[in-house]
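Computed from the coordinates by the stated procedures, all read-outs in this text should not be read as laboratory data. Given the structure is predicted, the values throughout are model-derived calculations rather than measurements. Every residue, glycine as well, gets a Cβ built from its backbone with ideal geometry; the counts of neighbours run over all protein chains shown.
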Amino acid sequence: MSEILQYIPGKSPLHSLNPVTKLLLVILIVALCVLSSHITFLCFLIAVLVIGAFFSGLINELKNQVHFLLLLSFFLVLLTSLTVQEGEVLFTILPSHNPSEAGYGITMGGLMFGVLLSLRFVVMITAFQLFVVTTKPSDLVTGLLAFRLPVDYILMLLIALRFIPSLQLEAKRIHEAQLCRGYNPGTGISGKIMSMKPIMIPLVANSLAKTQVLGLTLDMRGYRARKKLPFHRLVFSIGDAISAILLIVILLTFALLHFIFI
């Protein structure tokens, strides 16, 4: 994906859904993946998201995030494997002086907990990404207003989401400008770290300047007058009815795995 969390115009099934329906789907999926401790159910949620992205023509957007998700999963599994000492010891790192103790190492409990956390993060990141890239900012405002959220919080969320792709593009331009000037810190991990310094300083400075301009723009448009935002009429379609059926299927699957087939 060229820009992170940037709205992509389209006429796919996900684009045509009502923003309230998409919000309910995201909230339900995130809540259930946090509550669930079944790897099977988390894989089911990932499959649902991938199928939705495939039929909406957004599968390439998910493919571009595979490297990031794999890296995140690797560090989560590594961290939990080294810190959670539960279950059978698969690999001993520091042997114990007491023969009756297994010692310190990688355990099955820590490994499975790392896999569980990784799947949870994959579900949450994928669901939120699909929601943002298929929802126009105006529709997002309408959906959040339907939940009676304060206007200040809605404004902060929209500004934060809009700043992410803007910062990404600006960082890319700064990096290209540094390369044109012949800046080459080297290769490898040390080179990557050194190349971030001439990018972060102007990026932070430009971001602070943008916040001042944004504040002045809000004042000029009369935001402090506290005028009520226009509330667009919500229109539900057949896709929203299908999404409601999908919600019921997800809830039934969660109930079957957690309360019946325990």
>> More than 19 angstrom separation, counting every C-alpha pair in region 1-67; what % is that?
In response: 41
>> Please rank Cys180, Cys43, Cys33, fewest neighbouring Cβ atoms within 10 Å first, as an exposure proxy.
In response: Cys180, Cys43, Cys33
>> Among the listed pairs Lys11/Lys63; Lys63/Lys172; Lys11/Lys210; Lys136/Lys197, which have their C-alpha atoms separated by more than 30 angstrom in this model?
In response: Lys11/Lys210; Lys136/Lys197
> For the residue pair Phe74 and Val204, what label-to-label distance in nm results when each label sits 7 Å from Cα along the Cα-to-beta-carbon direction?
Replying inline: 2.8
>> Can you divide the C-alpha Rg of region 45-93 by 2.2 N^0.38 Å and report the result to two decimal places?
In response: 1.67
